[in-house]
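The values are calculated or read from the model by the stated rules, or taken from the named source; none is laboratory data. Only a predicted model underlies this, so the values are computations on that prediction, with no experimental measurement involved. Quick reminder, even Gly has a Cβ in these numbers, built from the backbone with ideal geometry, and neighbours come from all protein chains shown.
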Protein chains: 2
Amino acid sequence: ALYRGIENREEVVGKIRSLHSDALKKLALKCEDLFMAGQKDQLRFGVDSWSDFRLTSDRPCCEAGDAVYYPASYAKDPLSSYAVKICKSKAKESQQYYHSLAVRQSLAIHFNIQQDCGHFLAEVPVRLLPWEDPNAPAKEDEETDEEEEERTERQNRDTSPGAESASQGGASKQRSHVVVITREVPYLTVADFVRESLAQHGKSPDTYERQVCLLLLQLCSGLEHLKPYHVTHCDLRLENLLLIPCKAGGGVQKSEPSEPSPTAACPARLIVSNFSQAKQKNHLVDPEVFRDQSRLAPEIITATQYKKCDEFQTGILIYEMLHLPNPFDENPELKEKEYTRADLPRIPCRSPYSWGLQQLASCLLNPNPSERILISDAKGILQCLLWGPREDLFQTLPSLASPGQRAAILQNWLDIKRTLLMIKFAEKSLDRECGVSLEDWLCAQYLAFATTDSLGCIVSILQHR
Amino acid sequence: ALYRGIENREEVVGKIRSLHSDALKKLALKCEDLFMAGQKDQLRFGVDSWSDFRLTSDRPCCEAGDAVYYPASYAKDPLSSYAVKICKSKAKESQQYYHSLAVRQSLAIHFNIQQDCGHFLAEVPVRLLPWEDPNAPAKEDEETDEEEEERTERQNRDTSPGAESASQGGASKQRSHVVVITREVPYLTVADFVRESLAQHGKSPDTYERQVCLLLLQLCSGLEHLKPYHVTHCDLRLENLLLIPCKAGGGVQKSEPSEPSPTAACPARLIVSNFSQAKQKNHLVDPEVFRDQSRLAPEIITATQYKKCDEFQTGILIYEMLHLPNPFDENPELKEKEYTRADLPRIPCRSPYSWGLQQLASCLLNPNPSERILISDAKGILQCLLWGPREDLFQTLPSLASPGQRAAILQNWLDIKRTLLMIKFAEKSLDRECGVSLEDWLCAQYLAFATTDSLGCIVSILQHR
């Protein structure tokens with residue numbers, strides 16, 4: 001069947017095109033398996049497993065907005081790495097954690113959303129809580145409304161999180177905290193990364209701003225995943241976004257998962273954490289409530305009101321990741337007046353990405369939610385900034401009369417890019433390290449699923465605003 | 001530059017085509033590095049290294065026509081495997097070995113030609129010489145005209161090849177033999193393989209005859225490599241062709257190099273061994289000799305006379321590999337009369353390859369050397385049988401009037417095949433085992449360097465005879 005119509009050049013060209021796009025789709029899915037090796041099976045460690053976890057270090061690997069992370073090992077799976085997340089909130093406020101847990105458990109697993117493999121309420125030695133004053137009065141015997149199994153677990157865990165706890169002087173002081181086991185071991189928050197990259201941004205703005213695009217793209221992928229579940233994060237800040245050293249697949253890269261170098265094309269895997277402020281629109285609305293809500297203006301119903309909140313916060317993050325202040329912190333009266341994109345501070349043009357990031361931020365910070373672009377469009381814009389089509393190509397597009405001609409050019413561009421990416425993957429098959437990188441995967445996702453329509457739409461957003 | 005002319009579909013199609021063919025050429029070369037990992041550096045073990053070699057087994061791994069092979073290890077490179085080849089000829093006849101050595105040393109390294117990493121004359125315990133009668137009179141102190149260094153080496157090696165030699169009763173008897181160190185450890189001769197595959201040929205003729213094509217293709221590659229050096233092997237027999245378990249590149253496949261299964265697509269790497277009968281036309285012909293030869297009929301000058309001898313012998317090997325007798329053994333008077341292809345025995349049609357192998361054998365066994373096809377054409381025919389274009393395609397070719405149309409179809413075929421192979425390689429980049437196989441490499445060589453002219457030429461050989 002493949003060779004039917006082989007005398008017709010047009011048919012052959014069409015066949016080669018569909019071979020490429022089908023193969024790229026398969027590759028993108030295979031990459032997902034590789035990069036999420038093992039993580040696609042939902043892990044759920046029960047009470048009986050807690051005692052098999054040990055912290056491998058007394059020093060946190062990462063301090064995030066809502067928690068501190070310690071590297072840990074699991075006796076029954078010593079080759080995998082785990083992190084133990086100790087939530088900052090007191091046990092009293094742990095219902096917040098259970099709220100975020102309920103939200104996350106309603107979601108399917110995604111590469112850019114933090115997973116919870118098990119959690120419990122534990123008595124944590126003060127030395128593992130760097131933000132607490134060890135001299136504060138010791139824990140009151142607060143009783144929260146936890147489930148029975150967690151209350152009984154408390155005793156088991158008393159000594160568990162640090163084997164040497166007894167040897168330290170002040171270690172007898174303990175506090176009750178929610179402890180979570182995760183598969184992804186963060187090494188930095190995006191806040192840390194941005195702070196540490198200030199000099200790098202000045203020295204090589206192209207590299208740094210490209211990294212920012214790759215991180216924002218991952219953020220958008222994670223947020224896009226929330227949409228069909230009607231979940232809005234509502235607390236997107238640099239310190240709630242974590243970076244995980246990224247390696248493809250268990251068997252392939254045998255080298256130690258070293259800290260990624262800050263100059264690498266893609267700094268790391270980004271995961272969205274801290275869903276404590278998340279809003280979820282319930283599918284099964286109580287008919288009573290529904291009848292009440294049906295007469296309310298949409299901006300007053302919470303879930304509807306928050307629908308484009310993540311888009312707005314992503315816009316702020318663009319400024320912050322480019323070492324600029326949040327425009328609304330800088331200028332609080334901005335929100336009071338009916339501001340336009342012209343009122344937003346200019347992003348200095350330091351790299352080929354700056355202009356596009358400015359466009360994107362303006363679109364995301366549109367005060368009118370119905371005019372604000374969707375997170376899926378933001379993703380498309382970032383893909384376009386990263387891998388093209390570049391400005392030089394789409395400057396020639398408007399000069400063409402017919403939409404047919406425009407589509408033909410975009411199709412030609414897509415065909416060449418797919419060929420190049422396929423060749424890149426083919427060459428990696430002969431690499432000793434078999435190094436398909438996270439960036440390769442992200443690019444494969446883009447080119448596999450792009451169409452002339454989706455490309456045309458992004459190009460026109462970038463051209464017309 | 002890649003995107004110049006992007007509005008012109010024809011230019012884009014041409015660009016994609018040249019991207020593919022350039023990339024395939026690069027891939028084919030990279031495969032060579034991978035499959036010959038390390039072997040491209042000529043190894044030459046001197047006298048000082050002999051004592052660092054040890055046989056790792058007392059049982060031969062392979063018994064070939066001219067020698068017996070033992071697996072060996074080298075103390076200074078314990079991770080590589082070596083074989084020690086003990087030549088069957090007596091020391092007296094060892095000048096034959098030095099002849100073959102001189103021929104081989106004039107050649108560049110090739111994947112399908114045996115390499116000699118060092119050799120010496122040694123006293124070998126009789127138990128390592130399975131073809132010898134241990135009760136025959138012990139070695140006479142024969143003095144051959146070896147170089148001085150080899151004579152002194154003899155003492156050093158007396159106990160070396162087997163550490164336990166002293167423990168065995170009859171082991172005190174020794175014989176003087178040429179011993180060679182090689183990198184490629186053979187596990188079978190093609191004679192063994194053919195004998196052991198008789199049942200397999202009956203059970204799955206498609207698989208077996210495809211394996212025969214892959215082995216013959218490797219044989220032709222090796223023989224083609226001899227041509228620019230004006231070397232003719234002249235003793236191509238099943239027992240002089242060795243099989244080596246094939247694995248790509250050191251680091252990539254970490255699993256034990258197990259014996260390849262007889263049902264695998266490509267049974268193994270084939271190497272041509274035993275150059276003791278090889279003829280080489282000397283470039284620097286003595287002017288005296290040249291003047292004499294200039295008046296002789298070409299068939300009388302040895303090197304010219306033997307020029308197409310390997311082609312002929314390859315034709316016989318096709319019969320033998322298909323479990324058929326050598327036609328000229330069966331019917332000795334065949335050579336006496338002016339036989340035609342019709343006089344050659346029919347190869348039974350048991351698989352899609354049988355008909356093509358029959359064509360190929362007839363072309364190679366043409367009694368007239370000037371009408372006999374070249375080894376490079378034989379290679380092209382085998383590639384065509386293995387990977388196409390298939391009969392169904394080239395049955396449509398003659399119906400087309402213009403050669404331009406034929407070329408266009410062959411180009412379309414090539415474009416589709418290259419796309420498919422590129423996709424195959426790309427998918428392997430995500431395989432845990434990174435398993436680019438020998439067959440993938442052989443196919444990449446074909447598609448990388450094929451042109452519509454070369455394809456057209458092979459198709460017409462297969463059609464017109």
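From the list B:217, B:223, B:236, B:243, the lone residue that is at pLDDT 80 or above, among the aliphatic types (A, V, I, L, M), in a helix (DSSP H, G or I) and in contact with a strand residue (DSSP E or B) (Cβ under 8 Å, 6 or more places away or on another chain) is B:223. Scanning the range B:13-36 for residues that are of a type outside the set (A, V, I, L, M) and more than 30 Å from residue A:409 (Cα to Cα) yields B:30, B:31, B:32, B:33, B:35.
Every condition in (1) farther than 22 Å from residue A:44 by Cβ; (2) touching a helix residue (DSSP H, G or I) at 6+ places or on another chain (Cβ under 7 Å); (3) not hydroxyl-bearing (Ser, Thr, Tyr) holds for residue A:129 except the one numbered (2). For the range A:198-236, a tally of residues being surrounded by fewer than 23 Cβ atoms within 10 Å (Cβ to Cβ), polar (S, T, N, Q) and within 22 Å of residue A:274 (Cβ to Cβ) returns 1. Selection of the range A:299-358 for residues being part of a helix (DSSP H, G or I), under 16 Å from residue A:234 (Cβ atoms) and either among the charged types (D, E, K, R) or not assigned by TED's automatic domain parsing to the domain that holds residue A:227 (or both) yields A:299, A:310, A:311.
Results for (1) over 22 Å from residue A:419 (Cβ atoms); (2) modelled with pLDDT of 95 or more, shown as yes or no for each residue.
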| position | (1), (2) |
| --- | --- |
| B:379 | yes, yes |
| B:383 | yes, yes |
| B:397 | yes, no |
| B:401 | yes, no |
| B:428 | no, no |
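Residue check: residue B:51 meets all listed conditions (1) among the polar types (S, T, N, Q); (2) more than 18 Å from the chain's Cα centre (by Cα); (3) under 19 Å from residue B:271 (Cα atoms) but one, namely (3). Candidates are the residues of the range B:411-448 that are aromatic (Phe, Trp, Tyr) and within 20 Å of the chain's Cα centre (by Cα); the one that is farthest from the other protein chains (Cβ to nearest Cβ) is B:446. Taking every residue in the range B:327-351 that is of a type in the set (Phe, Trp, Tyr) and pairing it with any residue that is loosely packed, with under 14 Cβ neighbours inside 10 Å, at least 6 positions away or on another chain, the pairs with Cβ-Cβ distances below 6 Å are B:328/B:335.
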